[in-house]
Amino acid sequence: MKKRINLQYMILTTVAIIATAVMFTAVFYNIIKNETLTDLSNYTDVLVSSDAWGIVSSPENVDDKNITANYCGEIRITLVNDKGVALLDTEVDAYSMENHKERPEIMQAFKEGKGKAIRKSKTVQKDALYYAVLLDNGCVLRASKEVSSMTSLLISSLPVTGALCVVLFMVCSAFSHFLTKSIVEPIEFLARNMDAPESVKVYKELVPFVTTIRRQHEDIMKNANMRQEFTANVSHELKTPLTSISGYSELIENGMATGEDITRFAGEIHKSSKRLLTLINDIIRISELDATSVDESFEKVNLYDVAKSCVEMLSLNAEKNNINVSVTGEDVYVSANAQMMEELIYNLCDNAIRYNNDGGKVEVIVKHYEKDGKEGSMVQVSDNGIGISKENQERIFERFYRVDKSRSKSTGGTGLGLAIVKHIIAKHPDAHIELESEEGKGTTIRVIFW
Ligand code: ADP
């Protein structure tokens, strides 16, 4: 990154220096050209209006280099008649010159009285500037001078421009190095101090970037901690039934269990392996819900039908615990994942039965719902069981959190049921969950779809 910024600065500097040199040469060349043309025009006017023209143009003096040098200096004078034939020239033999009628400055002078033109000289490094005036006698008097061409100006200024370029390049490279460092340094510092990003002072343009990075970093750390905790919990939860299976089977293997003990131990092994299976199923399910970011398939689901089927599945459990379960309400359709809806209602009803008192009651209500003029659908599972204290209400949706561990385990709980419910709600953007509970009185959990 540093290298790239540096390189870009350097390229920019080089281009800027070259462009400036070319531009200055062009401006300079333009000034020279205009000044020369003005000189030529003044000079021609003076020649025409004074006797000097007579001296220079008299046939006997044209060939006299001293006279022409005195009057003309570096300026070349040509006289062309109305047919374009050169009558005299201060530099070459007029008779050897080709017809000048088509020369732009001559044509313009015949037409407008005055004419000018610039042409490349035969020697590439020079440009010839021409200024022509129409005389009273119908001839055209042309003055011309050669000036350095732009290429030659550029070439001649090359040593100075080159030296300037080197100096500027060095200054700019030092400056770009310093600038790059000042841009990149806070970012590098932030990268090195990711664990304490609050302490990093950055310039204001970087604040949104740092805020996002900070938030992402916190999320990553939180997720990492959660995963670590989850793995530790999973290992611990799996260890208990496995230890029991291993212990009982070892006793049987060693012949230390006889008669009735064998049956009892086999029963314990069976119970522990069932528990292991439930646990593994729940772990797999929560990992699946964790992994998939977008819901697979949403369809029209009748929550009333789902509730009835869940209660049906749990009827044996309810009977065993002497719990009366009822489902009331109406057909309510929501757009949801059918399997997830079944898991959600099943988990809520299962808890309402398991954390109830002997002879208790569970009421499932499915109906349309309205609040503040907003219409929705609702599934409500209420029980008059043991209830949940205020401080525990905030935590029961955490993975493996149980208020009463032994009760949960003895009733076949894994501590993952409500965590799965929370995940399912999160996967349905229109749904939210509400919990009302009082210790010793009972619990009501409501899922509302807007
Ligand atoms: P578990 O498998 O232990 O039931 P859950 O995640 O389903 O795990 O529930 C977490 C804890 O919340 C339970 O252990 C229990 O203490 C409490 N809980 C859940 N539902 C109820 C309820 N209806 N009444 C009382 N306590 C409940």
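Read-outs: derived from the displayed coordinates by stated rules, not from any lab. Just so it is clear, the model here is predicted, and its values are computed rather than measured. Neighbour counts run over all protein chains shown; Cβ positions are idealised from the backbone, glycine included.
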### Query
Just V311, V362, V133 to compare: in a GNM of the chain, with alpha carbon springs under 10 Å, which one fluctuates most?
V133
### Query
Which residue, N324, N254, N392, tops the fluctuation ranking in a GNM of the chain built on C-alpha contacts under 10 Å?
N254
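So if each residue of separation counts as 0.36 nm, and I subtract the Cα-Cα distance between K3 and V171, what length gain in nm does that give?
Working: separation 168, 0.36 × 168 = 60.48 nm, distance 1.72 nm.
Here the segment from K3 to V171 would lengthen by 58.8 nm.
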### Message
With the crude spin-label approximation of a point 7 Å out along Cα→Cβ, what separation in nm comes out for Y203 versus R119?
### Response
5.8
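Label the stretch 276-337 by shape, choosing from rounded, prolate and oblate, from the square roots a ≥ b ≥ c of the eigenvalues of the Cα gyration tensor; if a/c is under 1.5 it is rounded, and otherwise prolate applies when a/b is larger than b/c, oblate when it is not. Display every interim value, and only then the final one.
Working: a/c = 4.19, a/b = 1.18, b/c = 3.54.
Cα axes put the stretch 276-337 in the oblate bin.
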### Span from the the stretch 263-323 Cα centroid across to the the stretch 337-381 one, whole angstrom
16
### Query
Among rounded, prolate and oblate, which fits the stretch 386-444 when a ≥ b ≥ c are the square roots of the eigenvalues of its C-alpha gyration tensor, a/c under 1.5 means rounded, and a/b larger than b/c means prolate?
oblate
### Query
Under unit Cβ charges (Lys, Arg +1; Asp, Glu -1), what dipole magnitude, rounded to 20 debye, does the chain have relative to its Cα centre?
800
### Message
Please list log₁₀ I(q)/I(0) at q = 0.06, 0.08 Å⁻¹ for the chain, using the Debye equation with identical point scatterers on the alpha-carbon positions.
### Response
-0.58, -0.71
#### Entry: Label-point separation, K33 to I18 (7 Å along Cα→Cβ), nm
2.3
### Query
Mean residue ellipticity at 222 nm from the helices of the chain, using -39,500 (n - 2.57) per DSSP H segment of n ≥ 4 over the full residue count, to the nearest 500 deg cm²/dmol?
-18500 deg cm²/dmol
### Task
Would you calculate the separation in nanometres between label points at L316 and E112, each defined as 7 Å from the Cα along the Cα-to-beta-carbon direction?
11.1
### Task
Show me 407-414, 342-349 ranked by packing, highest mean number of other Cβ atoms within 10 Å first.
342-349, 407-414
### Summary
Phi angles of the stretch 148-158, converted by Karplus (6.51 cos²θ - 1.76 cosθ + 1.60, θ = phi - 60°) into ³J(HN,Hα) in whole Hz with x for Gly and Pro, give 4, 6, 4, 4, 5, 4, 4, 5, 5, 8, 4
### Summary
By the mean-Cβ-within-10 Å protection proxy, highest first, 298-310, 107-119 rank as 298-310, 107-119
### Query
Hey, in the GNM for the chain with a 10 angstrom Cα cutoff, which one of V327, V184, V27 fluctuates hardest?
V27
### Residues of the stretch 304-335 with amide N under 14 Å of a point placed 7 Å along Cα→Cβ from H368
330-334
